1. Suppose we filter the range 65-91 for residues that are hydroxyl-bearing (Ser, Thr, Tyr) and free of Cβ contacts under 8 Å to residues at least 24 places away in the same chain; how many remain?
2. Every residue in the range 16-35 that is among the polar types (S, T, N, Q) and touching a residue at least 40 places away in the same chain (Cβ under 8 Å), please.
3. Being touching a Phe, Trp or Tyr at 6+ places or on another chain (Cβ under 7 Å) and surrounded by 15 or more Cβ atoms within 10 Å (Cβ to Cβ) is the filter here, so list the residues in the range 1-24 that pass it.
4. Considering every residue within the range 2-22, establish whether at least one is under 17 Å from Leu87 (Cα atoms) and either among the aromatic types (Phe, Trp, Tyr) or modelled with pLDDT under 90 (or both).
5. Inside the range 1-57, can you point out the residues that are among the acidic types (Asp, Glu), in a strand (DSSP E or B) and within 10 Å of the chain's Cα centre (by Cα)?
6. Only residues that are among the hydrophobic types (A, V, I, L, M, F, W, C) and surrounded by 15 or more Cβ atoms within 10 Å (Cβ to Cβ): list them for the range 25-51, please.
Amino acid sequence: MPITITARHCEISDELKERAKSVLDRLGTVASRPIEGGTVVFDMEATSATAEIRLRAGRGDALIATGEAKDHRSALDRAEEKIRRQLEKEAPAHRGRGARDAV
């Protein structure tokens with residue numbers, strides 16, 4: 001999956017870039033459909049840092065979540081939580097039925 005990390009109005013460390021890549025990799029394993037690409041955009045506003053995660057699923061569906069906090073790492077964590085909830089909502093309803101039906 002191609003990953004793009006962008007910083008607007010700020011500088012981000014290599015450690016934070018690696019963390020963003022690992023977050024996108026983890027989200028790719030949660031998705032019910034293959035993820036074709038992911039983008040993380042870090043931005044700094046007057047008093048808060050933001051992180052926006054954009055994922056493009058196999059059929060072209062786009063998922064977007066933004067997190068805001070005092071620092072970029074916390075903002076990334078909040079955005080990850082939000083997009084994870086979106087991925088869990090779109091998961092097929094039949095997931096996990098196989099074991100129950102086999103009894």
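The values are calculated or read from the model by the stated rules, or taken from the named source; none is laboratory data. Because the structure is a prediction, the values reported are computed rather than measured. Glycine also receives a Cβ, built like all others from the backbone with ideal geometry; neighbour counts cover every protein chain displayed.
1. 1
2. Residue satisfying the conditions is Ser32 alone.
3. Hits for the range 1-24 are Ala7, Ile12.
4. Checking the range 2-22: not a single residue is under 17 Å from Leu87 (Cα atoms) and either among the aromatic types (Phe, Trp, Tyr) or modelled with pLDDT under 90 (or both).
5. Selection gives Glu52 alone.
6. Let us first name the residues in the range 25-51 that are among the hydrophobic types (A, V, I, L, M, F, W, C), namely 27, 30-31, 35, 40-42, 44, 46, 49, 51.
Matches in the range 25-51: Leu27, Ala31, Ile35, Val40, Val41, Phe42, Met44, Ala49, Ala51.
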